[in-house]
Amino acid sequence: MLTGMRGLWALVCGGALVVGVAGCAGPNLWTDGTSVSTGTSNRGRLRRPARLPTEGVGYKVPTRWSDRGFNYGVDELVAAIQRAARAVRGGSRRVILGVADLSPLAGGRSKWHSSHQSGRDVDLLFYTTDAEGVVMPPPEEEMIRFDGEGKPFASKRVTYTEEGWEKRRFDTARNWRLIEAFLVDPEIRVHWIFISNPLRQRLVEHARRSERPEWVVALAEVVMRQPGDAPPHDDHLHLRIFCSRSDRFHGCADRGPIWQHEKKSYKYGGPERYDPVAWRLIAATPILGMP
């Protein structure tokens, strides 16, 4: 009788274990231990996020944003920011990317952003030089607005506290290099880069004059957009990446036209048609090797 009871108890416990494990194998339950982005960029959350250190090779989080503490994101975005900053920096220690907000520790809403809720968004300050082309560090407390000629401007509604802000110039070459570094990164897929139309045009014209790969320029023209429901983004660029496949299983959702990027001509007629990772690695060689 005792043996029979032990057998029954083992059967019950074994069944419970199976049910428990099966119960964990569902969205937002059973993961590989890495970051998880759920929901959309404007209604989402973030679990087990990666933290971007406030300073690293080729970048820093200026005071205004480091005090806020919104330096969390999915693993792949945090790593891509660091790779891009290193690529643009090259051998010059003076070239520093200013990184503003990613997402709060657990994602979700904040008083500063309607998006940035699921760890897949980041605001990046523009690289700047002075009028003679000497590299300038990112501002610590504010974002500077630039017109289509790359010159800073203020207005009745927007003023600056930084002394000498009017000396800054939009560093077209390095800002393009940053965008290209993200576009060719094999670990992420760029969904949108929000930036004002005049600066978008300036960057595209520079890329074509510099004879950058046509597919990269064509892709940039698709993903760079001035948002219609937000400020024009003439004082920073806003990068958003697609949900990873694993995060889609856990409820991550991309907003807006998702597949239009796949229908453009730059996706055809080459190895990228068959192996997207391979073509990004090949394309990354010239940009990541730039001085």
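Computed quantities for the displayed model
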| read-out | value |
| --- | --- |
| Considering residues of region 125-161 that are under 24 Å from the mean Cα position of the chain (by Cα) and charged (D, E, K, R) only, the residue farthest from Asp67 (Cα to Cα) | Asp147 |
| Tally, over region 224-234, of residues that are touching a residue at least 12 places away in the same chain (Cβ under 8 Å) and surrounded by fewer than 22 Cβ atoms within 10 Å (Cβ to Cβ) | 5 |
| Lone unmet requirement of (1) in contact with a Phe, Trp or Tyr (Cβ under 8 Å, 6 or more places away or on another chain); (2) under 24 Å from Gly119 (Cβ atoms); (3) not acidic (Asp, Glu) for Arg212 | (2) |
| Filtered residue count, region 169-219, keeping only those that are within 18 Å of the chain's Cα centre (by Cα), among the small types (Gly, Ala, Ser) and over 13 Å from Leu237 (Cα atoms) | 1 |
| Answer residue from region 26-70, given it is under 16 Å from Ser114 (Cα atoms) and assigned to a loop (DSSP other than H, G, I, E, B) and is modelled with the highest pLDDT among those | Phe70 |
| Any hit, region 141-151, residues being in contact (Cβ under 8 Å) with a residue 24 or more places away in the chain, assigned to a strand (DSSP E or B) and either out of contact with any Ser or Thr (no Cβ under 6 Å at 6 or more places or on another chain) or of a type in the set (A, V, I, L, M, F, W, C) (or both) | yes |
| Residue list for region 64-91, filter: under 13 Å from Arg174 (Cα atoms) and among the charged types (D, E, K, R) | Arg86, Arg89 |
| Residue list for region 63-77, filter: crowded, with 21+ Cβ neighbours inside 10 Å and either free of Cβ contacts under 8 Å to residues at least 12 places away in the same chain or not polar (S, T, N, Q) (or both) | Trp65, Phe70, Tyr72, Gly73, Val74, Glu76, Leu77 |
| Residue tally, condition touching a residue at least 24 places away in the same chain (Cβ under 8 Å) and not in a helix (DSSP H, G or I), over region 161-208 | 17 |
| Qualifying residue in region 7-25 (condition: modelled with pLDDT under 95, part of a loop (DSSP other than H, G, I, E, B), among the small types (Gly, Ala, Ser) and over 15 Å from the mean Cα position of the chain (by Cα)) | yes |
| Unique residue being modelled with pLDDT of 95 or more and exposed (fewer than 15 other Cβ atoms within 10 Å of the Cβ) when the list is Gly133, Gly150 | Gly133 |
| Evaluation of Leu199 against (1) under 15 Å from Ala181 (Cα atoms); (2) modelled with pLDDT of 90 or more; (3) hydrophobic (A, V, I, L, M, F, W, C) (one fails), failing number | (1) |
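The values are calculated or read from the model by the stated rules, or taken from the named source; none is laboratory data. The model shown is predicted, which means the values in this text are computed figures rather than measured ones. With ideal geometry, Cβ positions are generated from the backbone for all residues, glycine too; neighbour counts draw on all protein chains shown.
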